[in-house]
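What follows is a set of notes on a single structure, which appears directly below.
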Amino acid sequence: MQKRIKWNAVGLASKTKTLKRILKEAYDEIPSDHLKSLKKLQNFIDELQNILHSISLINTNVIPNLENIFRLQFKTPEMIYIALSRPSIKNIFEQLQIYFKDQENEEISNEDFAELCTIGDAGNTLALVGDAALDLAVIEYFWDSSLSKIGELTKKREKIVKNEHLAKICERWQLYEHRIKRLHESSLGGAKLETIIHEKGTLVEAIFGVIYLELGFKEVLRVVPTIQ
């Protein structure tokens with residue numbers, strides 16, 4: 001029997017909390033006149049607190065809503081955090097990795113930082129997986145054995161998987177406003193409408209990537225009607 005692909009949890013929430021605590025302890029030991037060092041650490045602490053706040057909102061708002069819509073339970077909530085993470089958050093962990101390079105720290109290893117630095121980009125990989133799984137699930141859901149219905153299958157598939165439709169689903173599920181991003185990163189960032197629509201569609205695909213990785217193709221197929 002073929003094994004289903006999966007990801008191991010990296011502990012985004014717990015490691016972020018640990019980093020924040022370590023930095024806060026270091027901050028409290030810095031003399032009050034070392035303004036540059038204090039400002040640097042405070043910026044790090046604020047960014048980490050922002051990530052933790054976003055995770056808290058996802059736990060409270062997004063995950064219960066999705067579980068209710070899909071009638072399932074996510075085994076690893078962290079996968080939803082990754083699905084909603086902006087690529088820009090890797091900059092935070094890259095900067096922290098450089099900061100801790102010369103510090104005595106036994107709680108967060110270089111391997112831990114390597115995983116944390118990929119969190120933002122991992123969301124795009126989830127979307128890639130979800131896009132493929134969703135595409136096949138939609139085809140199977142609407143499949144008709146009659147060759148004369150091939151044209152209808154194509155139209156039904158396109159209607160569901162196109163970005164404009166997925167963007168509406170994203171708004172319904174309130175994914176876009178719950179993204180994990182940099183503290184002062186703009187919600188729109190001056191992006192064109194097409195770019196925003198594409199990103200919203202990608203977020204929905206990433207959620208389906210989580211369902212596929214955690215629960216398999218049958219569950220993706222089962223929940224297809226939720227996005228008609």
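State all residues of the range 144-169 that are at pLDDT below 95, surrounded by 12 or more Cβ atoms within 10 Å (Cβ to Cβ) and more than 16 Å from Glu194 (Cβ to Cβ); if no residue qualifies, say none.
Lys149, Glu152, Leu153, Thr154, Lys156, Arg157, Lys159, Ile160, Val161
Out of (1) more than 22 Å from the chain's Cα centre (by Cα); (2) assigned to a loop (DSSP other than H, G, I, E, B); (3) surrounded by 15 or more Cβ atoms within 10 Å (Cβ to Cβ), what's the single condition that is false for Tyr141?
(2)
Please tell me if Glu67 is acidic (Asp, Glu) and under 19 Å from Cys170 (Cβ atoms).
Criteria met by Glu67.
Would you pick out the residues in the range 113-123 that are assigned to a helix (DSSP H, G or I) and buried (at least 16 other Cβ atoms within 10 Å of the Cβ)?
Within the range 113-123, Phe113, Glu115, Leu116, Ile119, Gly120, Ala122, Gly123 meet the criteria.
Going by what's in this entry, would His184 be described as exposed (fewer than 13 other Cβ atoms within 10 Å of the Cβ) and without any contact (Cβ under 8 Å) to a residue 40 or more places away in the chain?
Taking the combined requirement at face value, the residue satisfies it.
Kindly provide the set of residues from the range 2-23 that are crowded, with 16+ Cβ neighbours inside 10 Å and either over 30 Å from Leu213 (Cα atoms) or of a type outside the set (Phe, Trp, Tyr) (or both), ordered by number.
Of everything in the range 2-23, those that are crowded, with 16+ Cβ neighbours inside 10 Å and either over 30 Å from Leu213 (Cα atoms) or of a type outside the set (Phe, Trp, Tyr) (or both) turn out to be Val10, Leu12, Ala13, Lys15, Thr16, Lys17, Thr18, Leu19, Lys20, Ile22, Leu23.
For Ile63, state whether it is surrounded by 15 or more Cβ atoms within 10 Å (Cβ to Cβ), in contact with a Pro (Cβ under 9 Å, 6 or more places away or on another chain) and either at pLDDT 90 or above or β-branched (Val, Ile, Thr) (or both). Quick ask: steps written out before the conclusion?
Working: surrounded by 15 or more Cβ atoms within 10 Å (Cβ to Cβ): yes; in contact with a Pro (Cβ under 9 Å, 6 or more places away or on another chain): yes; either at pLDDT 90 or above or β-branched (Val, Ile, Thr) (or both): yes.
Considered against the rule, which asks whether it is surrounded by 15 or more Cβ atoms within 10 Å (Cβ to Cβ), in contact with a Pro (Cβ under 9 Å, 6 or more places away or on another chain) and either at pLDDT 90 or above or β-branched (Val, Ile, Thr) (or both), Ile63 comes out as yes.
Any residue at all in the range 153-160 that's closer than 22 Å to Ser88 by Cα and not acidic (Asp, Glu)?
Checked against the condition, which is being closer than 22 Å to Ser88 by Cα and not acidic (Asp, Glu), the range 153-160 yields no hits at all.
Starting from the range 57-79, keep only residues that are free of Cβ contacts under 8 Å to residues at least 60 places away in the same chain, then list their pairs with residues that are of a type outside the set (S, T, N, Q) and assigned to a helix (DSSP H, G or I) whose Cβ atoms are within a distance under 6 Å, requiring at least 6 positions of separation or different chains.
Ile63/Ile80; Gln73/Glu67; Pro77/Ile63
Test Lys39 against the stated conditions and say whether it is free of Cβ contacts under 8 Å to residues at least 40 places away in the same chain and either touching a Pro at 6+ places or on another chain (Cβ under 6 Å) or not aromatic (Phe, Trp, Tyr) (or both). Walk me through it before giving the result.
On the way: free of Cβ contacts under 8 Å to residues at least 40 places away in the same chain: yes; either touching a Pro at 6+ places or on another chain (Cβ under 6 Å) or not aromatic (Phe, Trp, Tyr) (or both): yes.
Against the criterion (free of Cβ contacts under 8 Å to residues at least 40 places away in the same chain and either touching a Pro at 6+ places or on another chain (Cβ under 6 Å) or not aromatic (Phe, Trp, Tyr) (or both)), Lys39 qualifies.
Of the residues that sit in the range 187-222 and are under 19 Å from Glu164 (Cα atoms) and touching a Phe, Trp or Tyr at 6+ places or on another chain (Cβ under 9 Å), which one is surrounded by the fewest Cβ atoms within 10 Å (Cβ to Cβ)?
Ser187
Given the range 35-109, what helices (runs of 4 or more DSSP H) lie entirely inside it while holding 2 or more residues that are over 20 Å from Ala206 (Cα atoms) and either within 14 Å of the chain's Cα centre (by Cα) or of a type in the set (Asp, Glu) (or both)?
35-57
Okay, residues lined up against (1) modelled with pLDDT of 95 or more; (2) within 19 Å of Asn59 (Cβ to Cβ):
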{"site": "Glu171", "(1), (2)": "yes, no"}
{"site": "Tyr176", "(1), (2)": "yes, yes"}
{"site": "Arg182", "(1), (2)": "no, no"}
{"site": "Ser187", "(1), (2)": "no, no"}
{"site": "Lys192", "(1), (2)": "no, no"}
{"site": "Ile196", "(1), (2)": "no, no"}
{"site": "Ile207", "(1), (2)": "yes, yes"}
{"site": "Glu219", "(1), (2)": "yes, no"}
{"site": "Gln228", "(1), (2)": "no, no"}
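The values are calculated or read from the model by the stated rules, or taken from the named source; none is laboratory data. These figures come from a predicted structure and were not determined experimentally. Every residue, glycine among them, receives a Cβ derived from its backbone with ideal geometry; neighbour counts consider all protein chains shown.
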